Amino acid sequence: MIKFMLFIDGTWLYSNTSRLVEASGEPGFVLDFGKLPRVLAEEVGRRLGHDEWTVVRTHLFGSYAANVDPKDLEPVERRLNFFAMLRQQHHYEVEAFPIEYRGKRLRRTDRDPNDSFEPKEKCVDIALATSVLFNAAMSNAYDVAIAVLGDQDFKPVLQNVRRLGKRVAIASINGACSGEYSDPADRARVRDVELLWLEDLLPRLARRYDPHWLDCQSPTHKGERKVETTYYPKRGEKFYCPACREEFARQREAGTAAGGNGGNGGNGGNGGEAQKHAPIDTSLMGVVRHKRLDKSYGFIMVDGCGEYDGAEYFFHESDIADGTRFTELAEGTVVDFHVKAEPPAGKAPPARDVRRRVTV
Ligand SMILES: [Zn+2]
């Protein structure tokens, strides 16, 4: 059994996705990050003549803009949500570093032409290099490093990994790859396997709407929550299984006269009345909404807690539990928390001890 570890230069990969889209010939092409580690491992395994392999870990190094002009918060949120998705759904080890924007616009074309501000990405290359070498120096961490990158700066790192007795495979993109990596003779001695072009693997890396398993999020769901579906909920959208959706439709048809609430004693919430708030210290679960990166706060909508569902709680960065980071709590993230205090007049009550819910 050989052990692979993946190291992805995320910044490089995003800035070159357009090349992949072009090469795929499908304008709607989307790279499936869930498949990437396995497809690369299969390919490297095949070339090395091993059919028994395992991917020990996938590291992705990237960056995000910090302190941008509030007009540009949306793309920043999207990037952070993407990182959260990689962590939560695909178990990537993501290391993301902030790029300081000092309140300025994200695109140069939106900034004052006389403004000499130059955003600088820090640490990303070094973090990748350190991680590849650190794990190479650890006994048994991996046998083969699969590096997904193209910048020639990594050349000495890859050479040193090989000097430490580990093998290196490189996956890259045509037009965004240092000639020293793609050199068929490998005069720079950076790899042990012929270079893998991501372009050649696109049919296997495309995101398809294949059947997959999801947890039904309806609080009244009966039986096993995992349901097979071809549906992909959007960020922040709840997934209800077909049985629960049918049940809701039936209840709606049966008329609101019946109370509409299936008799769980709660307040319907659509009659305009205030949501019921739980007493101080109650442990609740909910979904992060309306997060404001620039102000370090957000709201949680209670979900899956019966009579308290639909109520909103306020949280500040300082209300987050140790081990969870503010940037991890993208909108749509399911969290556990406790009620911190009574609500200030007319406002959402505060939450404390907010932590990302770990789903097994
Ligand atoms: Zn259900």
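The values are calculated or read from the model by the stated rules, or taken from the named source; none is laboratory data. Keep in mind that this is a model prediction, so the values were computed, not measured. A quick note on method: Cβ atoms are made from the backbone with ideal geometry, for glycine too, and the neighbour counts reach across all protein chains shown.
So the values come out like this:
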quantity: Subset of the range 203-215 that is more than 16 Å from the ligand (Cβ to nearest atom) and among the charged types (D, E, K, R) - its residue that is modelled with the lowest pLDDT; calculated: ASP210
quantity: Subset of the range 216-227 (residues that are in contact (Cβ under 8 Å) with a residue 60 or more places away in the chain and within 9 Å of the ligand (Cβ to nearest atom)); calculated: GLN217
quantity: Residue in the range 152-174 that is among the β-branched types (Val, Ile, Thr), touching a strand residue (DSSP E or B) at 6+ places or on another chain (Cβ under 9 Å) and part of a helix (DSSP H, G or I) present; calculated: yes
quantity: Enumeration of residues in the range 305-360 that are surrounded by fewer than 17 Cβ atoms within 10 Å (Cβ to Cβ) and in a strand (DSSP E or B); calculated: HIS316, ARG355
quantity: Test: residue in the range 253-260 that is touching a helix residue (DSSP H, G or I) at 6+ places or on another chain (Cβ under 9 Å), modelled with pLDDT under 75 and away from the ligand (no atom under 16 Å from the Cβ); calculated: yes
quantity: Matching option when the condition is more than 23 Å from the chain's Cα centre (by Cα) and outside any helix (DSSP H, G or I), among GLU43, GLU26; calculated: GLU26
quantity: For ASP200: the one exception among (1) at pLDDT 80 or above; (2) not assigned by TED's automatic domain parsing to the domain that holds LEU13; calculated: (2)
quantity: Tally, over the range 1-23, of residues that are out of contact with any strand residue (DSSP E or B) (no Cβ under 7 Å at 6 or more places or on another chain) and either part of a helix (DSSP H, G or I) or not assigned by TED's automatic domain parsing to the domain that holds CYS177 (or both); calculated: 8
quantity: Any hit, the range 175-187, residues being within 16 Å of the ligand (Cβ to nearest atom), hydrophobic (A, V, I, L, M, F, W, C) and part of a loop (DSSP other than H, G, I, E, B); calculated: no
quantity: Filtered residue count, the range 188-200, keeping only those that are assigned to a loop (DSSP other than H, G, I, E, B), more than 10 Å from LEU158 (Cβ to Cβ) and either in contact with a Phe, Trp or Tyr (Cβ under 6 Å, 6 or more places away or on another chain) or among the aliphatic types (A, V, I, L, M) (or both); calculated: 2
quantity: Answer residue from the range 228-247, given it is outside any loop (DSSP other than H, G, I, E, B) and at pLDDT 80 or above and is nearest to the ligand (Cβ to nearest atom) among those; calculated: CYS244
